[in-house]
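Trainee: Okay, handing you the structure first.
Bear in mind that the values in this text are calculations on the coordinates, not laboratory data. Since the structure is predicted, the reported quantities are computational estimates derived from the model, not experimental observations. Cβ atoms come from the backbone with ideal geometry, glycine included; neighbour counts cover every protein chain shown.
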Amino acid sequence: MRLYYEDLEEMVGASRDLFMARIAMMGADIGKSDEEDYVDVEFFPDRPDLYSSEGVARALQGFLDIKVGLPEYHVHPGEIALKVDPSVEGVRPLIGCAVVRDLEFSDPAIESLMDLQEDLHWGLGRNRRKVAIGVHDISRVVPPFTYFAADPSFKFVPLDFDESLSMAEILKRHPKGIGYATILEGFDRYPLIVDAKGDVLSFPPIINGELTRVRDDTRDLFIDVTGTDPVVYKALNIVVTALAERGGRIESVRVERAEGDLTLPDLSAAIWNVRVDDANALIGFDLSAEEVAACLERMRFGAKVRGGPGADELEVSVPPYRADIMHSWDIFEDAAKGYGYDNLTATLPGTVTVGEPHPIEVRKADLRDVMVGLGYLETMPFTLTSEMVNFERMRRRSRDLEVTRVLHPISELHTMVRTSILPSLLEIIAINQHHPLPQSIFAVGDVLEGGRTRQDLAAASIHSSADFAEIRSAVEALFGELAIEVEIRSSEDGAFLEGRRGDLMVGGERVGSFGEFHPQVLQSFGLDMPAVGLELRWDRLWPAGRSRL
């Protein structure tokens, strides 16, 4: 995320030198930047409220003791309503809405809003499957609005186009339609938001209408957040509170549903009761209830001691934009940040031991050195995935005995432990298509198949001239550096194109495969460039033909 110094100084009320000296202690990874005007930073994915410069400014104000405690946001009663038609129930049933007025957009503010929207799509929204956000210039449409499932033949002018297309055509011709068409696979009707005149605001989760494009002179916004998970409402809160930090005036929207109306956004705080002794035991402090409360207020919680002197319980008010508080331990972690990791006293450990690296880690390090030398960048994908991604999108078959499923998954995207790393690399490439090509990435790590853990290496590269010769030369260079004899045979791996794929054999045993990805695989991940890949069971290499590492 890009933070512009002048913009942040104005919102925080502190100098660049002051907040840059402290922001790392708040959990930010500061990128290298020689620019005079901005710095690039990253926060952990568990804090989506820090995906915008407004959210960072709000957190910094507390961390620097400029404004502490629970931020207060007033939701003014609004007159706008949105009716939810029962036809969306089986397609994309949840929607949250709000209006934010009296905004004045600067270039950094527009960039921050756009980045926040896309980052929430990826973080909370799992690439728009669970959550998709639409931001509209409300002055160009006429309320009330209707959210319903329309026939794919319905036509409108999508964002960035100047011609009317049917919804079915958008999925085939518009870049966003091509990229996210898989979300609507299997449905015979698609979600749509229209105004009182039938003009289109949004075709979620694909694209907005051109009519409501946000421009430099836009002052009043209508925000819709649709999805399949109640996190929709948390995403709505994150967006509207960020805009309120810019001076926006929040107005409620009445969402009319068959099961009962909602008035949104709901910016009330969640109340938690926590024990100070539990906090001290977990984080190793010896703080009083008043001190823990002060630490939490520095992290923009509301906190007050329950009881008299020596009391052990706190009532904690969690801000409505915090999506990461699922356990009291999450609150204690923020208390530790509020106290300041730099304030901890360094002590020597009570015991002294001599350790050595595990042989697996030594081998991983050697593989990393080779892959980096070949021009690949290391990534660390999630170990949980879904059968859709792991098998169907890769044109591979699933056998029940291979798969270790999550008993109570909290998301349809994390229903099993991966049996392959390669699909996750294609997901990473799909998310990063807005970055320059070529992109060449790899990962080493555990996969679980048939109840047994093994070690895999996977690599993928995408650019306009990616072909079989490129990935074959990478394979030969890899095995050459490892001094292992490898034989290449014809392959039946459905992930790769027939005639441009191969199996890797070491000591007569198949240890992997490589090739050009099949066009159907590329399409299923929303990729429009040729790509090549490699997958290797490296834990089988050394017993088969490698004696050292």
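Trainee: What percent of all Cα-Cα pairs in segment 359-545 falls into each 10 Å bin, going from 0 up to the bin containing the maximum distance?
Mentor: Pairs per bin, as whole percents: 9, 39, 39, 13, 1.
Trainee: Mind putting a number on the dipole of the chain about its Cα centre? Charges go on the C-beta only, +1 for Lys and Arg and -1 for Asp and Glu, and I need it in Debye to the nearest 20. Provide the component values of the computation, followed by the final result.
Mentor: Numbers: 57 positive and 92 negative charges, 307 e Å.
So the magnitude is around 1480 debye.
Trainee: Which whole-Hz couplings ³J(HN,Hα) result when phi for each residue of segment 178-189 is put into the Karplus expression 6.51 cos²θ - 1.76 cosθ + 1.60, θ = phi - 60°, listed in order with x for Gly and Pro?
Mentor: Running phi through 6.51 cos²θ - 1.76 cosθ + 1.60 with θ = phi - 60° gives 5, x, 10, 4, 4, 5, 9, 4, x, 9, 9, 9 Hz.
Trainee: Continuing with the same structure: Give, rounded to the nearest 20 debye, the magnitude of the charge dipole that segment 359-545 has about its Cα centre when Lys and Arg contribute +1 at Cβ and Asp and Glu contribute -1 at Cβ. Working shown, then result.
Mentor: Values: 19 positive and 28 negative charges, 64 e Å.
Computed about the Cα centre, the dipole is about 300 debye.
Trainee: In whole Å, what are the extents of segment 75-264 along the principal axes defined by its C-alpha atoms, from largest to smallest?
Mentor: 42, 38, 34
Trainee: What is the list of residues in segment 287-301 whose amide nitrogen lies under 12 Å from a point 7 angstrom out from the Cα of residue 65, following Cα to Cβ?
Mentor: So the set is 295, 298.
Trainee: Cα convex hull of the chain: how many Å³ per residue? Don't skip to the answer; put the middle values down first.
Mentor: On the way: hull volume 103.9 nm³, N = 549.
Looking at the chain, the number lands at 189 Å³ per residue.
Trainee: Filter the GluC sites (Glu not before Pro) in segment 488-544 down to the DSSP loop ones having no more than 10 other Cβ atoms within 10 Å, then list what survives.
Mentor: Within segment 488-544, the qualifying GluC sites (Glu not before Pro) (loop, at most 10 other Cβ atoms within 10 Å) are 492.
Trainee: What number, rounded to the nearest 500 deg cm²/dmol, is the helix-based mean residue ellipticity at 222 nm of the chain, given -39500 (n - 2.57) per DSSP H run of at least four residues and division by all its residues?
Mentor: On the way: 15 runs with 151 residues, N = 549.
Taken over the chain, the calculation gives -8000 deg cm²/dmol.
Trainee: Now for a different question. Determine the equivalent ellipsoid of segment 2-63 by diagonalising the alpha-carbon gyration tensor, then write out the semi-axes as square roots of 5 times the eigenvalues, largest first, rounded to whole Å. Don't skip to the end; give the middle numbers.
Mentor: On the way: eigenvalues 50, 38, 22 Å².
Semi-axes from the Cα gyration tensor: 16, 14, 11 Å.
Trainee: Taking the convex hull of the alpha carbon atoms in segment 45-151, what volume per residue do you get, in Å³? Intermediate results must be reported in sequence, preceding the final value.
Mentor: Values: hull volume 17.2 nm³, N = 107.
Hull volume over Cα atoms, normalised by residue count, gives 160 Å³.
Trainee: Quick one: the Cα spread of segment 270-339 along its three principal axes, in angstroms, biggest first?
Mentor: Reported extents, whole Å, longest axis first: 31, 23, 19.
Trainee: Can you give the net charge of the other residues whose Cβ lies under 13 Å from the Cβ of residue 404, counting K and R as +1 and D and E as -1? Don't skip to the end; give the middle numbers.
Mentor: Numbers: positive: 399, 405, 418, 452, 454; negative: 387, 400, 402, 446, 449.
Overall, the nearby charge balance is 0.
Trainee: Okay, next question. Give a quick list of GluC sites (Glu not before Pro) in segment 95-143 that DSSP marks as loop, anything other than H, G, I, E or B, with at most 13 other Cβ atoms within 10 Å. Mind showing how you got there, number by number?
Mentor: On the way: sites: 104, 111, 118; in loops: 104.
Filter output for segment 95-143: 104.
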